[in-house]
Each structure stands twice: as C-alpha cells, then as structure tokens.
Amino acid sequence: MTAPGLSRHSSWQALAALCVGLFMTLLDQSLVAVALPRIREDLDASLNQVVWVSAVYLLTFAVPLLVTGRLGDRFGQQRVYLVGMAVFTTAAFACAFAPTIEWLIALRALQGLGGSLINPQPLSIITRIFPRERRGTAMGVWSAVAGSTGLFGPVIGGLLVGTVGWRAVFFFYVPLGLISLVMVSRFVPRLPRMAARIDLVSALVSLIAVLGVVFALQQGPQFDWAPWIWGVLALGALAFGGFVRLQRRIGADALVPTALFAHHNFRLGIIAVSTLGFAVYSVNLPIMLYLQQGAGLSAQVAGLMLVPMGVLSVVLAPYAGRLTDRLAPGLISRAGFLLLITSMTLFGLLMLIDAPVPAFLAPVTLLGAANALAWSPNSAITMRDLPASLAGAGSGVYNTSRQVGAVLGAAATGAVMQMGEGTVSFGAAVGTAMFVPAAVLLIGLAAVSGFRADRPG
C-alpha cells in the first residue's frame, strides 16, 4: 500500500532522490578501480595494499547489510539513509586527503559502512510508497540507474584520473552526496517505524557469520587457501547455523523473521538474486582480461567495447519493469536469465576459439539486454508482496544474498582462471571461466520459473 498522504507525483520524486544514492554507492566499484594504479604509484603502496583499497570497501559494505536493513525498520528508513549518506560523503571527502595508503584503507572501510547503511533502505521505501501495480515500473527505473554505473564508472574515472588525478575521484562524491542529502530530506517521507527492537545477539552472530564467509571467499585466492582461511570460513558457517536457530527462537523481533520465507516468491527471488550476483559481478574481470591481454586492445578501447551493454541495460530496464507489472510473474525474468546464460556461453566459446574482436559485440549486446530483463523483474517480484513490517528485513536479506553471491562468483571464476593458467592457452583458461557463471545461472532460471501470481494466505 502507498504511504498515507503520498501522491503519485510525490512517490516518483522520492524515487528520484533515492536513485542519487544508489548511483553513488554502485559507481564506486568501477570508479575507484580505475584510480588504483595511480594510487599505488602516488602512495608507494604494495599490490596487496592497493587491492585492499577496493576489498575493504566491499567487506564493510556487505557484512552489516542484514543489520542495516533492520535498522531502517527500527529508526526509520529515511533517517538511516541520511546518516549513511553523511558517513559515505564525509569519508569520501577525507579519502581525497589521505596522506598514506593505511589512512586510505581505513577511510575506505568507513565509506563502505556508509554505503551499507544506505543500500537496503530504498528497496524498503519503494515497497512502501508504491502500490503493488506500479512497483515493477519503479524497480525498472531503479535497475536502469544501477545499470548506468557500469557505463559511466570507467568513463568518469578515466577522465578524472587522467586530467586531475586520483584524489578527484573521491571529490566527485561530495557534490553528489550533498545533493542526495537535500533531495532525500525534502522528497522522501518519514514512514512509520515497523520494528520494536533489534536483537543484539542476533546482530553480533550475523556479523560474525557474514564476515567469516565473505572474508574467506574474498581473500582465499590471495592467501592460496591457507588452513587459517578455511578456519575462518568454518567459523562463518557455524555462526550462520547458530544465527538460523536464533531467528527461529526469537520470532517476530528476529533480525531475519522466519515469516519472510512464508512468501513463495521471496524464497525463490533470494535464490535467483544470489545467482545473479554470482554471475554478473564475476564476468567483468575475465572479459576485460581477454579483451586487453588476449585480443591486445588498450584499456580505453576495451572499455568502449562494453558501451552497448551499458546503454541497452539503461534503456530497456524501465520497460522491463513496466512489463513485469502487466505480465505473468517470471515471464520477463525467464527471458533475462536465458539471455544471460546464452551471452556468457557465447563469450566462453568465442574466447576458446580466439574469435575476431568484432564478434564479441554480439554477446556484449545480449548481456546488456539480459541485465535489464533479469534484475528489475526479480527485485519487483521478490519484494512486492511483502508486508510493510517485513520490508526492511527483506531488503537486508535480498542485498546480502546478492553481495555474498558476488563474492562467491569472483572467487570461483578467479580459481578456474588460475587453474587453467600455464596448462592451457590464455583464451581457453578465460573462456572456461565464463562457463561457471553460465552453469550457476541455471539454478536461478529454475527459481524464477517457479514464480507465481498468488500471494501466501
């Protein structure tokens, strides 16, 4: 149900305000990556240290998501969003003045925490301010903005680093952050709070669980899967088991209420978004590696090769969301997953045979269309039937599932490439890695094929 007193026009104003924050937090992953070589040179950093500039952001972004989603229920989504944006923007401003690599890593950790406070709130707000019949359209716009970050990140990053320097990348966030603070304060309503309290034991156990799993998967390849990495992973798995038992015992005040999983489409959507995170966030590295090292393209030309993907994703996502509101649940999602599988399989085959560069425009184009057809319908169908009281918790679970899937995908794809290195040709090693996300997406395809129109009673 739409928030009381909120007109159709006002709900779209609120969405526009929220999209500014989404653009910032997701842009970071591609924007900062462009600056890493210059950061390493300027701050005399080791390779491991410069890797942590990105890794620590993703770590502090992903780990608290279950908690930060519930914080929105407890203290109000708008208020938590504003706090997160203030932290994110302040940390970014401080990053621009970081005197050493150690200071930069610490400030990036703070920036990731700000992003974690921001990220779950918009899905909860959209679920509460848009009526069910318009949520797909709203999610489509949301996904279009998310897709645009992959297009604009490398372009903006390259321009800033090449003309001003790497510190300009962090200054770039400051005006956007201030605009977001003003717009959200003005246009996003303060919705009624839905949670009486947050169970602190559950919060602590969830942090240990997600931290253990994400850290181990993220850093395992770097440390050659040393025994202590497996120990951290085991600790995370044990904590996860304890967390599940806690949630069952606590009931309605649980960090992840078991009532969430009474919703058929939510259960399936969580499986699907995990596979989407696994696949979509893991393929950029093998694609860029092949285009630059295998095909011999410059970084600039390789980046331009991906422009059709970004453009199609941005253009088609709103229409995909609108169709989701009108057609049978899962129809658009199935098309998106099938195109994703086709695109990644085609990438792998073309890499295996060392195909001419123009041939890669076909899977690039397919990937752009697939992203539009997969992401926004999945978000809309997964979240739209949740009651307002479960929106924050559901958003936290949804975003956490996506991020953990992304870490799993990066680790798995990287492992396959490393195993092939030195034993088969470069194209074969990278191409084989592309088949891994394609195979995992079959699980997601099965999940979205089970979406249904009826709501749980």
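FYI, it's all coordinate maths here, none of it is from the lab. What you see is a predicted model; the values in this text were computed from it and never measured. Here Cβ is always computed from backbone atoms with ideal geometry, including for glycine, and neighbour counts include all displayed protein chains.
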Euclidean distance of C-alpha centroids, the stretch 439-454 and the stretch 88-134, integer Å
31 Å
For a test of the definition: using alpha carbon positions, the gyration tensor, and the 1.5 limit on a/c, classify the stretch 205-286 as rounded, prolate or oblate.
oblate
Label-point gap, in nm, between Leu327 and Trp225 - each point 7 angstrom along Cα→Cβ
4.0 nm
Cα-centred dipole magnitude for the chain, charges only on beta-carbon of K, R (+1) and D, E (-1), debye, nearest 20
1680 debye
Rounded, prolate or oblate: pick one for the chain, where a ≥ b ≥ c are the square roots of the eigenvalues of its C-alpha gyration tensor, a/c under 1.5 means rounded, and failing that, prolate if a/b is larger than b/c, else oblate.
rounded
Note: Ala262 to Met419 extended length (0.36 nm per residue) minus current alpha-carbon separation gives 52.4 nm
Under unit Cβ charges (Lys, Arg +1; Asp, Glu -1), what dipole magnitude, rounded to 20 debye, does the stretch 1-185 have relative to its Cα centre?
680 debye
Would you calculate, for the chain, the mean residue ellipticity at 222 nm contributed by helices, counting each DSSP H stretch of 4 or more residues as -39,500 (n - 2.57) and dividing by all residues, to the nearest 500?
-26500 deg cm²/dmol
Trypsin sites (Lys or Arg not before Pro) restricted to the stretch 185-272 and DSSP loop, no more than 12 other C-beta within 10 Å:
Arg190, Arg197
Distance between Cα centroids, the stretch 380-429 to the stretch 162-197: provide it in whole Å.
25 Å
Between the stretch 270-307 and the stretch 41-56, what is the C-alpha centre distance in whole Å?
22 Å
